Amino acid sequence: MKNGGLYLILIILFIETGIIIGFFLPGDPLLFVSGMIMASADEVPYPFSGHIPNLFFWMALFTGATILGNFFGYWFGYKFKHVVHRKEDTWFLKRKHVQTAHEFYEKEADLPLQLLAFYPL
């Protein structure tokens, strides 16, 4: 972890929550294992100052990386939604399916979709 592994975890968490190709990355198991490693260590060196207590510091950074990833994903979808709506039907994406999903989320899934992020599976 002293060679930048925790920074790599921050990048992976950002990509998993913010970029569409990051869905296959192991975010939750990665957090679990990194939490176990950090809990067993006394201190993790931080490059800009001496030693910072590691667990709460890195928990805040992990939370910040996932929140920034979510904001980036929302911004990206907002900026490029016109590309999806103008595109012709393909084998992967059909306009009918996009419209059906849009109607469902407008009608049914306001609070349940937000609470789903906190529901353990």
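The values are calculated or read from the model by the stated rules, or taken from the named source; none is laboratory data. Fair warning: this is a prediction, and the values are worked out from it, not measured in the lab. FYI the Cβ positions are ideal-geometry reconstructions off the backbone, even for glycines, and counts take in every protein chain you see.
Taken over region 56-88, the residue count meeting the criterion of being at pLDDT below 80 and among the small types (Gly, Ala, Ser) is 0. Limited to region 102-121, what total is found for residues that are assigned to a loop (DSSP other than H, G, I, E, B) and either more than 24 Å from the chain's Cα centre (by Cα) or within 30 Å of PRO29 (Cα to Cα) (or both)? Selection size over region 102-121: 5.
Name the single residue, out of those in region 12-21 being part of a helix (DSSP H, G or I) and in contact (Cβ under 8 Å) with a residue 40 or more places away in the chain, that is farthest from LYS79 (Cα to Cα). Don't jump to the end; show me each part of the working.
Restricting attention to region 12-21, the residues satisfying the condition of being part of a helix (DSSP H, G or I) are 12-18, 20-21.
Filter once more, so that each one left must be in contact (Cβ under 8 Å) with a residue 40 or more places away in the chain: 13-18, 20.
Values: LEU13: 22, PHE14: 19, ILE15: 18, GLU16: 19, THR17: 17, GLY18: 14, ILE20: 14 Å.
Among those that are part of a helix (DSSP H, G or I) and in contact (Cβ under 8 Å) with a residue 40 or more places away in the chain, it is LEU13.
Taking each residue of region 84-101 that is in a loop (DSSP other than H, G, I, E, B) and looking for partners that are of a type outside the set (A, V, I, L, M) and surrounded by 11 or more Cβ atoms within 10 Å (Cβ to Cβ) with beta-carbon atoms closer than 7 Å, six or more apart or interchain, yields ASP89/ARG95; LEU93/LYS87. Here is the figure for region 67-92: residues that are more than 23 Å from the chain's Cα centre (by Cα) and surrounded by 10 or more Cβ atoms within 10 Å (Cβ to Cβ) total 3. Scanning region 29-52 for residues that are of a type outside the set (Ser, Thr, Tyr), part of a helix (DSSP H, G or I), modelled with pLDDT under 75 and out of contact with any helix residue (DSSP H, G or I) (no Cβ under 8 Å at 6 or more places or on another chain) yields MET36, ILE37.
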